[in-house]
Amino acid sequence: MKRKLINLLGFILMGIGILTFLSPDFSAYKQQKDADKEIDAFEEEAKVPKDKDPLYQESLKYNQKIYQSGQGDLKDVWSYKAAPIRLKDQKESFGYIMIKKMDVKLPLYLGATLQNMRKGAAIMGETSLPLGTKNSNCVIAAHRGYRGIPYFRDIEQLKTGDQVIIRNPWERLDYRVTKIKVIDPYDMDKILIQKGKDMVTLITCHPYRGHGRYRYVVYCIRDHGQKIVEKKNSTIKDTHFKSSEWDIQREKLCHMIGLGILLIFWIIIIKNWKGTIRKGGKA
């Protein structure tokens, strides 16, 4: 009887251990389901032609305003959080971003608040909205992984020429990666609009698990079929730049090994439990 209780306790504790170990995977699954639900809702919305949509006109005026002002209000992290415009009719997202190379598809929210960045990717305040027009640079921020959810964790997989797709409320816009940099968090001039260009810039923390020491920045320009010249990664200082690929792969490997060990112990406990039951039955 005592042995049965010990095996039962071991069985329960191991089950709790496995569930705890898998909690980040459950969180990632739930977040992706919520993101997919938001994207599906966006896709199902009746689309209004942009020349007849007040939202498009408001967005266009906003982009022109920040370009003409030289983005003078882009001064600190608080300006990132401000929503460029206010969405009406209880709409939450401005579309979505899809990066096949990273296996990422995330809703786009307005303003890089903590709440928005937990739900998907965020268009930073005082940067352009993605309208596919010249003199614009839409800066999109996402976590470098958060509570088991990838977000922009695998951003280092992107190379020159890779595709980034933006779907706004009116159309699909295709961009190509042109340059990659690691910058200081307060290098505001590195994410400003570049005259005559239609750009999207992706930004996240670097290095992975580095507590936001630097920012990994991927610059993209509108894809018109032009040839993209490959460029090497630029960094703050060569000694400061270090790839996070090994850290990410090591974390994935440790997760798989840990799960495998837990499953092996669980199987052993189940076999012992069954053996104890058989012996008890024979007795």
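Every read-out reported here was derived from the displayed coordinates using simple, explicitly stated rules and does not represent laboratory data. These numbers come from a predicted model, not from an experiment. Because the Cβ atoms are built from the backbone with ideal geometry, glycine has one as well, and the counts that use them run over all protein chains shown.
Stretching the chain fully between residue 257 and residue 101 yields a gain of 53.6 nm (0.36 nm per residue, less the alpha carbon separation). Here, region 45-243 has an Rg and a Dmax of 15.9, 52 Å when only alpha carbons are counted. Of the residues 204, 137, 60, the one whose Cα sits farthest towards the positive end of the charge dipole of region 45-243 is 204 (charges of +1 on Lys and Arg Cβ, -1 on Asp and Glu Cβ, taken about the Cα centre). Taking square-rooted eigenvalues a ≥ b ≥ c of the alpha carbon gyration tensor, is region 35-146 rounded, prolate or oblate, where a/c under 1.5 means rounded and, failing that, a/b exceeding b/c means prolate? Oblate shape, in that a/c is at least 1.5 and b/c is the bigger or equal ratio. Contact order, relative form, for region 45-243: 18 percent (alpha carbon pairs under 8 Å, 6 or more residues apart, mean separation divided by residue count). Cβ crowding within 10 Å ranks 38, 92 as 92, 38, fewest other Cβ atoms first. Taken about its Cα centre, region 45-243 carries a charge dipole of roughly 360 debye when the Cβ of each Lys and Arg holds +1 and the Cβ of each Asp and Glu holds -1.
Of the listed pairs 50/105; 105/190; 52/88; 81/159, which have alpha-carbon separations greater than 20 Å here? Over 20 Å apart, Cα to Cα: 50/105; 105/190; 81/159. Protection proxy ranking for 155-167, 51-63, using the average of other Cβ atoms within 10 Å per residue and placing the highest first: 155-167, 51-63.
Among 205, 220, a tally of other beta-carbon atoms within 10 Å of each Cβ gives an order, fewest to most, of 205, 220.
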